[in-house]
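Asks: Questions regarding the structure given below will be posed in turn.
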Amino acid sequence: MEKPMHGYELKQYFEHAHGVFWMINYGSIYPALKKLEKEGLVRSKPEAINQGRGRIIYKITKKGQEAFLSLLERRLKKEAFVRDEFTLHLFFMDYLDRKVIKDVMGRKIKGNQAVLNRIHEHEDTHKTNIPKFRYGVLQRGRMHIETELSWLNNTLKEMEKEA
């Protein structure tokens, strides 16, 4: 809702501002934008550029803003229940070979560390360029990742002791 954007900008916006808790790919951006446009929630406008293909800029409509705020309010009123597929799978990790467990956890550590590095890279920009509460939510996400990293590292250390 901040400003009209094209698909690439939307992806960058999500990665930099929301990568802590929501990742998005191009394969889902454009179908979602087309669906939103069909429903009258966004409007598209071609934008010519000097060389190459033009791009399409998307802007949320008044109807889209109303729908977004209504959805946001409804979702926030619901009891928040975290659905974390990774944790669900970890719950059953005792059935797996230790090498597989270490590999999976190592990859998760690497991925979480990359997200944490991205957060730190953009932290100063976010602190001054986004609303205070939204910055606080990003800090919450950072804390979640740090806690998960701590748990993963501690669990791997415990596994090493048992080996």
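The values are calculated or read from the model by the stated rules, or taken from the named source; none is laboratory data. In this text, all values refer to a predicted model and were calculated from it rather than measured experimentally. Heads up, the Cβs are rebuilt from the backbone with ideal geometry, glycines too, and the neighbour counts pull from every protein chain shown.
Asks: Has the stretch 77-100 got any residue that is among the β-branched types (Val, Ile, Thr), farther than 30 Å from Lys34 by Cβ and surrounded by 14 or more Cβ atoms within 10 Å (Cβ to Cβ)?
Replies: Pass one, the stretch 77-100, residues among the β-branched types (Val, Ile, Thr): 82, 87, 100.
From what is left, the residues that are farther than 30 Å from Lys34 by Cβ are 82, 87, 100.
Right, trim to surrounded by 14 or more Cβ atoms within 10 Å (Cβ to Cβ) and you get none.
So far as the stretch 77-100 goes, no, none of its residues is among the β-branched types (Val, Ile, Thr), farther than 30 Å from Lys34 by Cβ and surrounded by 14 or more Cβ atoms within 10 Å (Cβ to Cβ).
Asks: Right, here's the next one. Please determine, by comparing only the residues of the stretch 2-45 that are of a type in the set (Lys, Arg) and either assigned to a strand (DSSP E or B) or modelled with pLDDT under 90 (or both), which one is nearest to the chain's Cα centre (by Cα). Steps first, answer last, please.
Replies: We begin by selecting, within the stretch 2-45, every residue of a type in the set (Lys, Arg); these are 3, 11, 34-35, 38, 43, 45.
Retained after the next criterion (residues that are either assigned to a strand (DSSP E or B) or modelled with pLDDT under 90 (or both)): 3, 11, 43, 45.
On the way: Lys3: 19, Lys11: 10, Arg43: 24, Lys45: 26 Å.
Going through the qualifying residues, I end up with Lys11.
Asks: With respect to Gly136, is the statement that it is among the small types (Gly, Ala, Ser), closer than 29 Å to Lys35 by Cβ, out of contact with any Ser or Thr (no Cβ under 9 Å at 6 or more places or on another chain) and at pLDDT below 90 true? I'd like the intermediate steps shown before the answer.
Replies: Working: among the small types (Gly, Ala, Ser): yes; closer than 29 Å to Lys35 by Cβ: no; out of contact with any Ser or Thr (no Cβ under 9 Å at 6 or more places or on another chain): yes; at pLDDT below 90: yes.
Taking the combined requirement at face value, the residue does not satisfy it.
Asks: Check Ala48 against each of (1) modelled with pLDDT under 90; (2) surrounded by 10 or more Cβ atoms within 10 Å (Cβ to Cβ) and name the one condition it does not meet.
Replies: It is condition (2) that Ala48 fails.
Asks: Would you check which residues across the stretch 76-127 are under 19 Å from the mean Cα position of the chain (by Cα) and basic (Lys, Arg) and list them?
Replies: Arg83, Arg107, Lys108, Lys110, Arg118, Lys127
Asks: Also, I was wondering about something else. For the stretch 35-61, which positions are under 18 Å from Lys3 (Cβ atoms) and of a type in the set (A, V, I, L, M, F, W, C)?
Replies: Across the stretch 35-61, the qualifying residues are Leu36, Leu41, Val42, Ile49, Ile56, Ile57, Ile60.
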